[in-house]
Amino acid sequence: MAEKAFMLAKETATAGQNEKGGFTVVMLQKTHESKSTNEEKQNLKTDINNMIQEDVAASTINAMQELHKIEINQEMLAQMME
């Protein structure tokens, strides 16, 4: 639903099944222009990319540890990710 909601045009609705077995309807009523500078927007993009990289690394480590019972050298991994 969240992905669909961010792609809606103004005055358009979308619906989907929710966790409780019912439906959720989302409608975009109005938009506002961003008052952020280009630098602020770029900083946000950089922060999001960094968070995604950290999530991917953490998920990979967890999966490897569960599947193969391996030990991860966190210090070495941190150096590789820089």
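Of all residues in segment 51-82, those satisfying the criterion of being surrounded by 11 or more Cβ atoms within 10 Å (Cβ to Cβ) and of a type in the set (S, T, N, Q) are Q53, T60, N62, Q65. Within segment 23-44, the set of residues being exposed (fewer than 10 other Cβ atoms within 10 Å of the Cβ) and modelled with pLDDT of 90 or more comprises T37, N38, E39. Restricted to helices (runs of 4 or more DSSP H) entirely inside the chain, those with at least 1 residues that are in contact (Cβ under 8 Å) with a residue 24 or more places away in the chain are 38-68, 74-81.
The values are calculated or read from the model by the stated rules, or taken from the named source; none is laboratory data. From a predicted model like this one, the values you see are computed outputs, not experimental measurements. Positions of Cβ are generated from backbone atoms using ideal geometry, with glycine treated the same way; all protein chains shown enter the neighbour counts.
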